[in-house]
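Novice: Attaching a single structure in structure tokens format; questions to follow.
The values are calculated or read from the model by the stated rules, or taken from the named source; none is laboratory data. Because the structure is a prediction, the values reported are computed rather than measured. Cβ: placed from backbone, ideal geometry, glycine included. Neighbour counts: every protein chain shown.
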Amino acid sequence: MKFGSDPSPVPSAVSAQDGATRREIVRLLVESGSITAAEIGGKLGISTAGVRRHLEALVDDGDAEAHPAAAWQHVGRGRPAKRYRLTAAGRNKLEHTYDDLASAAIRQLREIGGDDAVRTFARRRIDTILFGVPPVRSTGDHAVEEAAEKVADALTQAGYATTTTRVGGPLKGIQICQHHCPVSHVAAEFPELCEAEQQAISEVLGTHVQLLASIVNGDCACTTHVPLQQITPLDDQPDEQLDHQPDEQGASR
């Protein structure tokens, strides 16, 4: 994806300096998924008021939207700051090179080789992206988390603007967030691309993963949850727990 040329959510009437600033703001909206005006100002070295001016223009054009911060995103006292993210319309204005050509090519591939040919293509594509990420050889949380970071780096190099976030509570794990999808328009027609990504990530990390959100479905990012909490195998449970395991007839031993 390119931010320096049209089409983009930056109107041609905007001055060159303002246009460059707005493109940087759009880039941060893509990469962060959800961000405050103050956070953008801190990253770009400009005033929060100046950032808000650009954000309000993007909101007025329907390219961005403001939403309340979640409870876990609220830092300090006072009213939570608004968080901003791109809308589907804003994402559609970003450059998606050769989408129509790619879709046409995959349609032809399906006509010639059937659904299996499309699935094979999708899998080879993501395998190429993750080629440099070695499969996890350990079941430890640290090894899985480290591999998830490498997966995110590989996806970012392929244009997915990917980050990882550790989450706690009952859903303890790592969330891999792809804030941009360079093939989202194609994946809307060919979900095999997304399915292959999830399968490949699961195999590299050596654990089941779950897709929680998808840009194709209108979400602000594709979010994959990677569980870290290890379940104790039956053979490792204490004897007193095994004594209460039901037998084949459902009775306790």
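Novice: Can you tell me which residue is surrounded by the most Cβ atoms within 10 Å (Cβ to Cβ) among those in the stretch 184-215 that are touching a Cys at 6+ places or on another chain (Cβ under 7 Å) and assigned to a helix (DSSP H, G or I)?
Specialist: Looking at residues that are touching a Cys at 6+ places or on another chain (Cβ under 7 Å) and assigned to a helix (DSSP H, G or I), I get ILE215.
Novice: Pairs needed: first member in the stretch 171-186, of a type in the set (Ser, Thr, Tyr); second member anywhere, not in a loop (DSSP other than H, G, I, E, B); C-beta distance under 9 Å; at least 6 residues apart or different chains.
Specialist: SER184/ARG91; SER184/ASP99; SER184/ILE215; SER184/VAL216; SER184/CYS222
Novice: How many residues does the stretch 50-75 contain that are modelled with pLDDT under 90 and in a helix (DSSP H, G or I)?
Specialist: 3
Novice: A follow-up question, please. Can you go through SER47, SER12 and tell me which one is at pLDDT below 80, out of contact with any strand residue (DSSP E or B) (no Cβ under 8 Å at 6 or more places or on another chain) and either surrounded by 19 or more Cβ atoms within 10 Å (Cβ to Cβ) or farther than 24 Å from ASP219 by Cβ (or both)?
Specialist: None of the other options fit; the residue is SER12.
Novice: Also, I was wondering about something else. Determine, yes or no, whether GLY113 is under 30 Å from GLU24 (Cβ atoms), over 18 Å from the mean Cα position of the chain (by Cα) and not assigned by TED's automatic domain parsing to the domain that holds ALA64.
Specialist: When the stated conditions are applied, GLY113 does not pass them.
Novice: Does HIS208 satisfy being of a type outside the set (Lys, Arg), touching a helix residue (DSSP H, G or I) at 6+ places or on another chain (Cβ under 8 Å) and modelled with pLDDT under 95?
Specialist: yes
Novice: Pull up the stretch 196-208, narrow it to residues that are touching a residue at least 24 places away in the same chain (Cβ under 8 Å) and in contact with a strand residue (DSSP E or B) (Cβ under 9 Å, 6 or more places away or on another chain), then point me to the one that is farthest from ASP141 (Cα to Cα).
Specialist: In this case the residue turns out to be GLU197.
Novice: Can you tell me which residues in the stretch 148-166 are of a type in the set (Val, Ile, Thr), surrounded by fewer than 21 Cβ atoms within 10 Å (Cβ to Cβ) and in contact (Cβ under 8 Å) with a residue 24 or more places away in the chain?
Specialist: Residue satisfying the conditions is THR163 alone.
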